[in-house]
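Working notes for the structure below.
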Amino acid sequence: MRNSVVIKGNKYGIIVVLDKIKDFNELKEDITYKFKESKDFLGKSSFAISFEGRDLSDDEIKEILDIIEENTDLKIVCVVDKEKEELYKKIVEDSVDEEDNEEKKNEKENINEADNNDSKSDGINFYAGTLRSGQEVVNNESVVIIGDVNPGASVISKGNILILGSLRGSAIAGIDGDTNAFVIAMEMDPIQIRIADIIATANDDTFQSAMHIREKKKNTDIKIAYAADDNIFVEPLDKAALDNIFNNNK
């Protein structure tokens, strides 16, 4: 009966696998039992959570999160949308492939430099948890934050930055001068974004205009920030925005 709910761990949080056909009210009882039973094992960590096995409405997800909060000491920082996560990972991996291809073109001319290039992004690192004021994540590779970046917190990367949550602090991508780098967030309301040496701040009128000013448009789209013509542009994440990035950096 209780195998209708399975809790699994991964490198950035927990996955809850749910029975596909069981009545939801009965399933909630099983979820309550399972998390009560696992309370000591799960401890007081902060986790991202994702659900597998069945489609859930927003109301059902909220009910499950309430059950987890009531029966454990866990802090759920965000619910990971698997489709968005795969999209984000693909974008970063495609970007890394572009860099790899460019490097191979120059390999014969710059063989010594290529052999000693320590700053090349050759992977993606995940960080699970909300960053609060004064906290900082610094990474030599592209980084995915599973959670929010609050005001006063910052993420610094030699590669790209992808935030599965709200960006309300600072994000610095391409810190070694890579103008091909970009920043993606599910909610984009930053104090500062920097890509290579190009900086945009919350007080920058041009930057606010590029963000489509929230009074004019609901800020519900996933946004991508990228550098072009010595400016930082913020657009909804779609094929047109990606085309702009790769065309501007050819």
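The values are calculated or read from the model by the stated rules, or taken from the named source; none is laboratory data. These numbers were taken from a predicted model, which means no experiment stands behind them. Note that each Cβ is placed from the backbone with ideal geometry, even for glycine, and that neighbours are counted across all protein chains shown.
Selection over the range 161-193 of residues that are touching a strand residue (DSSP E or B) at 6+ places or on another chain (Cβ under 7 Å) and closer than 14 Å to residue 232 by Cβ gives a count of 18.
Would you check which residues across the range 148-177 are part of a loop (DSSP other than H, G, I, E, B) and surrounded by fewer than 21 Cβ atoms within 10 Å (Cβ to Cβ) and list them?
First, pick out the residues of the range 148-177 that are part of a loop (DSSP other than H, G, I, E, B): 148, 150-153, 158-160, 168-169, 174-177.
Matches in the range 148-177: 150, 151, 152, 168, 175, 176, 177.
Right, residue 191: touching a Pro at 6+ places or on another chain (Cβ under 8 Å) and at pLDDT 90 or above or not? Yes, satisfied. Among the residues of the range 139-156, those that are free of Cβ contacts under 8 Å to residues at least 40 places away in the same chain and more than 17 Å from residue 191 (Cβ to Cβ) comprise 139, 140, 141, 143. Tallying residues that are small (Gly, Ala, Ser) and not in a loop (DSSP other than H, G, I, E, B) within the range 179-194 yields 1.
Checking each residue of the range 1-17 against the condition of being assigned to a strand (DSSP E or B) and farther than 25 Å from residue 145 by Cα gives at least one match. Restricting attention to the range 1-20 and to residues that are farther than 28 Å from residue 125 by Cα and either in contact with a His (Cβ under 9 Å, 6 or more places away or on another chain) or charged (D, E, K, R) (or both), the residue that is modelled with the lowest pLDDT turns out to be 2.
So which of 118, 66, 94 is in a helix (DSSP H, G or I) and either modelled with pLDDT under 50 or not assigned by TED's automatic domain parsing to the domain that holds residue 198 (or both)?
Going through 118, 66, 94 in turn, the sole match is 66.
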